[in-house]
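*Asks:* The structure follows.
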Amino acid sequence: MWLSVGVAMVEDKLWEATLRGLLEIVSLPLGRVLMYLGPDVLREVIENAELYPIKGLFNFRDYFDEIDSYFYQTVAFDLGVSTGWKSLNELYNVVPGELTVVTGVPNSGKSEWIDALLCNLNRNVGWKFALCSMENKVREHARKLLEKHIRKPFFDVRYGKSDVRMSLDEFEQGKQWLSSTFSLIRCENDSLPNIDWVLKLARAAVLRHGVNGLVIDPYNELDHQRLQSQTETEYVSQMLTKIKRFAQHHSCHVWFVAHPRQLHQWTGGPPNLYDISGSAHFINKCDNGIVIHRNRDPEAGPLDLVQVCIRKVRNKVIGTIGEAFLSYNRTLSRAASNLGAKPAKKLIVAICSRCCC
């Protein structure tokens, strides 16, 4: 154990010393301290010694400044940022440094919902984002984001015939918005990126462009090679730990999209977070868990109904478990109108056949 000694003044001369295990003084032997300064000074030096810092071992007092800022709310976004949908305000808010896992059956609108959320956050609080979206072509992703931002269709064919197409000026303005808001993480060669590669570039985006959020979409597009002695559960746990540490160290919110495994005897209801392919660690280690679900039965309710199921919220300050409903505008790729939130305890989870719960 190392102890750093205080200051002793004798005959206008300053003495500094460092004790090692109370046996040795680096700059002055203990015997000489006793001889020249006396037993009282030696006792005072030992009693007032400061513990030598041990890497990784802390006291709460080391974080009092951070705790004070949290209590007095002097740091922006500590209580979370609204998603932009009123029906979600009581259920889910976005906090820097957290990990949100998003799942849902294929073609349920997971990526569209996240894109709409990013546009809302940028419009309301000016956040910037890094996108690792491996299922989208760049031009297709740009179209989806521009339609949400400008609120007009990119084309005037098929899906966009009913609305006025965005003008050339709006298109050029939108390109500038894309450039200033998003950073793209893409692997342009034939190799598969792994999570370390993604996080390395995301770290660079935080430092260079000041991004506040990272989207990894989806999990199964990453390279998941692991040691022969390592199980998939162990690998997923280690991967999620890396993502959480990145989020916390860089105060960057991460949305991680993971598909559910093949659902046998699926009845049309939303899947559970435990249905995610790979490991139960997806729900165990995330800060927030969300299931996006869309009604596919016209007899059960509107086909544009999007069910946002908040299945896990670790931090009770920013939300709680429950469900909200949004209406999806296919032309503008936007979840626009709010149909209200329903607490989980008062709601039948699935959209049952022949009824809309």
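*Asks:* Restricting to region 225-263, and then to whatever is within 17 Å of the chain's Cα centre (by Cα) and among the small types (G, A, S), can you tell me which residue is farthest from L117 (Cα to Cα)?
*Replies:* Filtering region 225-263 for residues that are within 17 Å of the chain's Cα centre (by Cα) and among the small types (G, A, S), the one farthest from L117 (Cα to Cα) comes out as S237.
*Asks:* Can you name the residue in region 173-224 that is touching a residue at least 12 places away in the same chain (Cβ under 8 Å) and of a type in the set (G, A, S) and is also farthest from C119 (Cα to Cα) among such residues?
*Replies:* So the residue we want is S191.
*Asks:* State whether the residues of region 327-342 include one that is modelled with pLDDT of 90 or more, in a strand (DSSP E or B) and either out of contact with any helix residue (DSSP H, G or I) (no Cβ under 6 Å at 6 or more places or on another chain) or at negative phi (or both).
*Replies:* no
*Asks:* Could you figure out which of (1) buried (at least 21 other Cβ atoms within 10 Å of the Cβ); (2) farther than 25 Å from I318 by Cβ isn't true of M239?
*Replies:* It fails just one condition, (2).
*Asks:* Check whether at least one residue in region 68-77 is touching a residue at least 40 places away in the same chain (Cβ under 8 Å), surrounded by 22 or more Cβ atoms within 10 Å (Cβ to Cβ) and under 16 Å from the mean Cα position of the chain (by Cα), and report yes or no.
*Replies:* So far as region 68-77 goes, no, none of its residues is touching a residue at least 40 places away in the same chain (Cβ under 8 Å), surrounded by 22 or more Cβ atoms within 10 Å (Cβ to Cβ) and under 16 Å from the mean Cα position of the chain (by Cα).
*Asks:* Say whether the condition of being modelled with pLDDT of 95 or more, closer than 27 Å to P260 by Cβ and either touching a helix residue (DSSP H, G or I) at 6+ places or on another chain (Cβ under 6 Å) or not charged (D, E, K, R) (or both) is met by at least one residue in region 179-194.
*Replies:* yes
The values are calculated or read from the model by the stated rules, or taken from the named source; none is laboratory data. In this text the structure is predicted, and so the values were computed from the model without any measurement. All Cβ positions, even for glycine, are placed from backbone atoms using ideal geometry, and neighbour counts span all protein chains on display.
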